[in-house]
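A short worksheet on the structure shown next.
The values are calculated or read from the model by the stated rules, or taken from the named source; none is laboratory data. No experiment lies behind these values; they were computed from the predicted model shown. Heads up, the Cβs are rebuilt from the backbone with ideal geometry, glycines too, and the neighbour counts pull from every protein chain shown.
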Amino acid sequence: ALFKTCMGVAPVEYATRWRMRVAAFRLRNGRDTVATVAASLGYLSDAAFGAAFRRVHGISPGQYRRDPLL
């Protein structure tokens with residue numbers, strides 16, 4: 001409860017958003033595949049990673065990588 005009061009979100013949501021920021025940076029600036037980024041962030045499947053990424057960013061990891069204006 002204290003974490004949520006201080007940060008404005010639950011710890012799990014905060015961790016997910018942080019992981020998705022790391023993923024977004026790596027997708028945009030690196031040469032790693034989506035699968036490699038997903039595995040490095042602890043996701044057991046590309047589908048689970050893609051769903052989490054889409055929930056946070058509103059688009060798929062592949063779309064994010066391809067569109068430089070996002």
| Residue count, segment 23-50 (criterion: under 15 Å from TYR64 (Cα atoms), of a type outside the set (D, E, K, R) and surrounded by 13 or more Cβ atoms within 10 Å (Cβ to Cβ)) | 10
| Residues (surrounded by 12 or more Cβ atoms within 10 Å (Cβ to Cβ) and assigned to a loop (DSSP other than H, G, I, E, B)) located in segment 3-22 | VAL9, ALA10
| message | Being at pLDDT below 95, under 16 Å from GLY62 (Cα atoms) and β-branched (Val, Ile, Thr) is the filter here; which residues of segment 1-31 pass it? | response | none
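So which helices (runs of 4 or more DSSP H) are wholly in segment 23-70 and hold at least 3 residues that are more than 22 Å from VAL9 (Cβ to Cβ)? Outline the logic, then answer.
Working: elements: 34-40, 46-57, 61-66.
Helices (runs of 4 or more DSSP H) meeting the threshold: 34-40, 61-66.
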